[in-house]
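Data block below; observations after.
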Amino acid sequence: MRARSPRLPDELAGRLRERIMTGRLRQGEHLHLERLAEQLGVSVTPVREALLALRGEGFVDLEPRRGFTVASLSRQDFEDAHRLQATIAGELAARAADQIDAERLAELGALQEEIQTACQFTLLDMGELVTRFHAVVWMAANSPKLAWFLGIAMHYTPRSTTVDVPGWREMAATGHQSLLAALRLRDQAGSRAAMHQHVTRTGQLLIHHLQQRGMWAESPENPPPPGSSASHREDGPGR
């Protein structure tokens with residue numbers, strides 16, 4: 001049965017993580033096990049396991065006599081996670097540049113062509129192509145533990161939301177083109193810089209998008225993103 005699959009709690013954790021990071025589940029909201037199980041079409045047990053996993057990642061709190069609630073996630077948390085992602089991903093790209101072979105370079109070249117095509121047609125799943133591109137780079141880096149740490153940090157990047165962020169498709173197409181050029185030259189410093197810039201820019205676009213959608217209330221702890229219309233609100237009337 002599907003509910004007995006050992007991967008089901010991980011799948012549910014991913015779906016609930018997306019809801020939390022996109023604001024569909026709000027800070028402090030009580031997470032009813034039975035209600036979530038009914039919504040997700042599964043039994044209570046895998047939902048509980050998923051929430052326990054999310055508790056370990058900092059997305060959910062478990063309070064005595066109240067149960068599971070959505071944890072507080074500030075914009076600073078997202079910024080810190082993307083700084084970590086950029087650093088680890090950059091190092092993996094540098095290691096890949098030192099070890100990548102002609103076969104993997106050809107695979108990346110073919111994926112980059114598909115990414116360029118998908119950039120022009122929104123109905124194509126560009127997110128899946130980018131995921132595959134990165135997977136080839138991580139394999140070429142031959143650093144499984146470092147890639148594992150990157151996977152943990154990437155829990156703060158909601159994939160289904162990121163691909164719909166304005167400007168992400170064009171930025172990703174250009175960023176991967178720069179990365180591929182550096183990898184072909186076996187340029188470790190250039191590969192590190194290209195990947196770091198790509199991940200950093202992805203984080204900036206995502207955080208700004210979530211702010212615009214009301215993910216965080218404006219406060220001294222959560223000021224509006226630099227360059228946004230909200231950051232200039234005191235200088236003139238809003239739109």
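Selection of first residues in segment 117-129 that are at negative phi and of second residues that are open to solvent by 90 Å² or more (accessible area, probe 1.4 Å) and charged (D, E, K, R), restricted to Cβ pairs under 6 Å at least 6 apart or on distinct chains, gives the following pairs, ordered by first then second residue: Gly127/Arg159.
Within segment 64-76, none of the residues are out of contact with any Asp or Glu (no Cβ under 7 Å at 6 or more places or on another chain), more than 29 Å from His208 (Cα to Cα), open to solvent by less than 50 Å² (accessible area, probe 1.4 Å) and outside any strand (DSSP E or B). Scanning segment 160-177 for residues that are without any contact (Cβ under 8 Å) to a residue 40 or more places away in the chain and either open to solvent by less than 60 Å² (accessible area, probe 1.4 Å) or touching a Cys at 6+ places or on another chain (Cβ under 6 Å) (or both) yields a total of 5. Kindly check whether there is at least one residue in segment 68-85 that is within 25 Å of Leu146 (Cβ to Cβ), touching a helix residue (DSSP H, G or I) at 6+ places or on another chain (Cβ under 9 Å) and among the basic types (Lys, Arg). Yes, that holds for at least one residue. The combined condition, being under 13 Å from the mean Cα position of the chain (by Cα), in a helix (DSSP H, G or I) and among the hydrophobic types (A, V, I, L, M, F, W, C), is fulfilled by Ala153.
The numbered conditions (1) part of a helix (DSSP H, G or I); (2) over 20 Å from Gly23 (Cβ atoms) are all true for Arg186 except (1). Tell me the residue from Leu92, Leu124, Leu146, Leu180 that is surrounded by 15 or more Cβ atoms within 10 Å (Cβ to Cβ) and not in a helix (DSSP H, G or I), please. Sole residue among the options that is surrounded by 15 or more Cβ atoms within 10 Å (Cβ to Cβ) and not in a helix (DSSP H, G or I): Leu124. Identification of helices (runs of 4 or more DSSP H) wholly contained in segment 1-61 with 1 or more residues that are closer than 16 Å to Asp77 by Cα, open to solvent by 70 Å² or more (accessible area, probe 1.4 Å) and without any contact (Cβ under 8 Å) to a residue 40 or more places away in the chain yields 44-57.
For segment 100-121, a tally of residues being loosely packed, with under 15 Cβ neighbours inside 10 Å and touching a helix residue (DSSP H, G or I) at 6+ places or on another chain (Cβ under 7 Å) returns 1. Of all the criteria given as (1) over 16 Å from the mean Cα position of the chain (by Cα); (2) over 30 Å from Ser191 (Cα atoms); (3) at pLDDT 90 or above; (4) in a helix (DSSP H, G or I), the one not satisfied by Ile115 is (2).
The values are calculated or read from the model by the stated rules, or taken from the named source; none is laboratory data. Worth saying up front: this structure is predicted, and the values here are computed from it rather than measured. We place every Cβ from the backbone using ideal geometry, glycine too, and count neighbours over all the protein chains shown. Calculation scope for accessible area: heavy atoms of the full protein, side chains included, ligands and nucleic acids excluded. Shrake-Rupley method; radii C 1.70, N 1.55, O 1.52, S 1.80 Å.
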